[in-house]
1. Between beta-carbons, use under 14 Å as the cut-off and find the net charge around Lys554, counting Lys and Arg +1, Asp and Glu -1.
2. Give me the 1.4 Å probe accessible area per residue for the chain, excluding ligands and nucleic acids, in Å².
3. Can you show me the helix-derived [θ] at 222 nm for the chain, built from DSSP H runs with n ≥ 4 at -39,500 (n - 2.57) apiece and divided by the number of residues, rounded to the nearest 500.
4. How high is the relative contact order of the chain, given as a whole-number percent (alpha carbon pairs under 8 Å, six or more residues apart)?
5. Could you pull out the longest piece of the chain with no exposed loop GluC sites (Glu not before Pro) in it, calling a site exposed if DSSP puts it outside H, G, I, E, B and it has at most 11 other Cβ atoms within 10 Å?
6. In terms of solvent-accessible area of protein heavy atoms at a 1.4 angstrom probe, what is the ranking of Ser446, Ser555, highest value first?
7. Give me the percent of accessible area attributable to carbon and sulfur for region 123-168, probe 1.4 angstrom.
8. Taking 8 Å as the Cα distance limit and 6 or more residues as the minimum spacing, I'd like the relative contact order of region 210-360 as a percentage.
Amino acid sequence: MSSTHIPSHAGSIEAGHGHDAAHAKPQRSFFGLVRRPGPGCHPIVDWLTTVDHKKIGVAYAVAALIFFLVGGVEALLIRLQLMFPENTLITAQFYNKMFTMHGTTMVFLAVMPLSSAFFNFIMPLQIGARDVAFPRLNSFSLWTFIFGGILINLSFLFEAGAPAVGWFGYAPLTSRLYSPDISTDFWVMSLQVLGIASLAASFNFITTIINMRAPGMTLMRMPVFTWMTLITSLLIILAFPAITIALVELMMDRHFGTHFFDAINEGRPILWQHLFWIFGHPEVYILILPAMGIVSEVLPVFASKPLFGYPLIIFSGAVIGFLGFGVWSHHMFTTGMGIIATSAFSLMTMLIAIPTGVKIFNWIGTLWGGRLRFSVAMLYSLGFIWMFMIGGLTGIMHSSVPVDAQQQDSYFVIAHFHYVLIGGSIFAVFSGIYYWFPKVTGRLLSEKAGRIYFWLMFFGFNLAFFPMHFLGMTGMPRRTHTYKSEMGWDFWNFWSTIGALILGVAIFLSVVSMFRAARKGKPAGRDPWDARTLEWTIDNPPKDYNFARIPVIKSRDQAWANKHGTDEQKMEATPDDGHGIHMPDRSWYPLTAALGLFIGALGMVFHGSRFGSGEGAYVSGFELPIIGGIILFTLIVSLGLAI
């Protein structure tokens with residue numbers, strides 16, 4: 001792969017000078033049809049063709065925040081419908097579409113990509129790397145994610161509308177018999193595309209962490225966030241094949257006459273639940289482990305002391321990931337699996353609470369005796385711990401089979417997983433945004449406004465979701481679009497909706513403030529938090545090449561050691577080899593390959609669809625999948641995404 005050469009200078013690790021070879025003869029790419037974008041290209045072309053991990057991280061974050069707001073609007077429509085008994089704001093079918101799209105958007109298009117944004121931007125800086133191992137594969141994963149999000153939202157433009165089968169897609173509701181239109185096909189193919197994006201990114205992150213750490217950066221000197229990046233990436237690689245198999249089988253049932261989930265023809269609908277939840281419960285930890293990594297970075301900085309029990313934090317994260325593959329059937333206690341199976345999964349569900357508790361006690365130990373600074377990042381991390389504990393305690397309740405049988409498919413379950421995934425993951429993500437925003441933009445978010453937004457979010461979230469525990473205990477089922485006043489659910493539903501509106505306003509204002517601060521925020525300087533890890537030893541925002549000379553690591557908290565440690569603990573730099581810095585060039589290949597995948601997936605959505613009427617009607621076959629496949633295959637073979 002061609003690269004841009006930047007001369008390195010021996011005087012500094014973090015600051016380099018030189019040029020981007022701007023006067024070099026432009027190279028042609030894309031089979032010689034277009035010029036390879038150079039250093040002076042238009043900003044839009046730069047973002048479309050970038051392979052810089054930092055720009056890719058920013059693009060992930062912006063796209064995920066937009067999808068997050070879309071998912072929030074869908075949630076508000078659900079809550080407004082339930083605000084009053086027998087409300088007619090939206091129809092039952094549209095309600096089904098909204099909770100399907102809300103769940104799918106939040107899990108696959110918001111929380112996961114927000115974690116990927118941090119993985120992309122922060123992880124290479126924490127290990128002293130100039131980029132990820134496979135820059136073009138990284139860009140391909142970004143565009144595949146964006147096209148996957150576009151694909152499922154395109155369903156709104158067609159007569160069938162958005163999918164209405166739930167984010168979990170239980171069989172036989174997803175069969176042609178009950179979902180004959182193309183809305184479910186949009187859901188199936190978009191998840192397949194998003195799965196490819198996640199797998200591509202995960203292989204990249206694992207390779208980067210294993211092979212590209214700076215000299216002296218041993219595994220037990222890696223920051224906790226980098227450890228959680230590694231564990232999460234391994235979980236994705238192990239978990240996603242299960243849902244990929246399930247989605248392929250569902251696609252074959254819908255298009256090619258197989259009967260994997262068709263009970264009438266001796267298929268097994270419950271097979272879908274097993275395959276989905278073998279993926280689905282590790283997915284919970286795919287969403288929560290990055291949050292735990294963020295909190296483990298923020299707390300030591302604002303407690304002004306090292307992380308308590310660093311090895312235990314890492315070990316407990318690995319144990320959570322491992323045990324996460326052994327608890328999937330606690331989602332299926334009411335399906336009649338039998339006493340032995342339910343007992344085994346009940347015990348495993350209780351067991352997984354132990355490493356989670358270890359982390360909480362380590363975080364408390366970090367805070368104990370520290371000089372606490374209650375910045376906005378610190379407040380969100382503390383909010384995470386409190387909210388995640390509530391979600392965890394209600395989760396332990398569900399490890400008891402009789403209790404779970406009473407609360408199954410009730411609003412108690414809705415409260416539980418929102419305390420884990422919103423009170424947990426999202427609060428930690430906002431903590432990470434406030435903490436690393438100066439690293440990304442070189443500017444500070446407003447602490448004064450941030451405190452207001454935090455307390456609005458904290459109050460709104462608890463007002464929205466804590467009453468759902470009461471609704472569930474009094475029998476309100478989930479996925480119901482209305483109820484009668486005689487059921488006694490109107491009081492809590494009203495206040496839950498008020499809380500959701502407050503939460504929505506707080507999140508919207510927070511996101512707006514981020515975009516404003518990126519342009520007009522107060523300059524941050526190099527180390528505004530007196531931080532501890534390697535990424536804070538270089539400029540904000542970092543240069544294209546991150547480090548002019550690769551650092552030699554002497555301490556786990558290297559930035560802290562540089563400021564307060566002994567001479568033996570302070571960072572050094574590798575010698576200048578005289579060859580300069582070679583950074584990968586921009587490329588059209590990743591975007592175009594992702595577009596080919598999108599075309600192929602869109603073709604599968606419309607496979608068998610009839611366009612027009614009468615004898616002249618056209619029935620779609622494999623034309624679009626073949627075209628998309630040719631584009632994708634040709635680009636991969638011609639140059640290779642990972643080179």
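The values are calculated or read from the model by the stated rules, or taken from the named source; none is laboratory data. Here the structure is a predicted model, which is why all the values come from computation and not from measurement. When we count neighbours, we look across all protein chains shown, and the Cβ atoms used for this are built from the backbone with ideal geometry, even at glycine. Heads up: the accessible areas ignore ligands, DNA and RNA and are worked out on the full protein's heavy atoms, side chains in. Shrake-Rupley method; radii C 1.70, N 1.55, O 1.52, S 1.80 Å.
1. So the environment of Lys554 carries a net charge of +2.
2. Per residue, the chain has an accessible area of 40 Å².
3. The helix contribution divided over the chain gives -20000 deg cm²/dmol.
4. Working: 1101 pairs, mean separation 138.7, N = 643.
Across the chain, relative contact order equals 22 percent.
5. 267-643
6. Values: Ser446 60, Ser555 25 Å².
Largest to smallest exposure gives the sequence Ser446, Ser555.
7. Accessible surface attributable to carbon and sulfur in region 123-168 totals 70 percent.
8. 27
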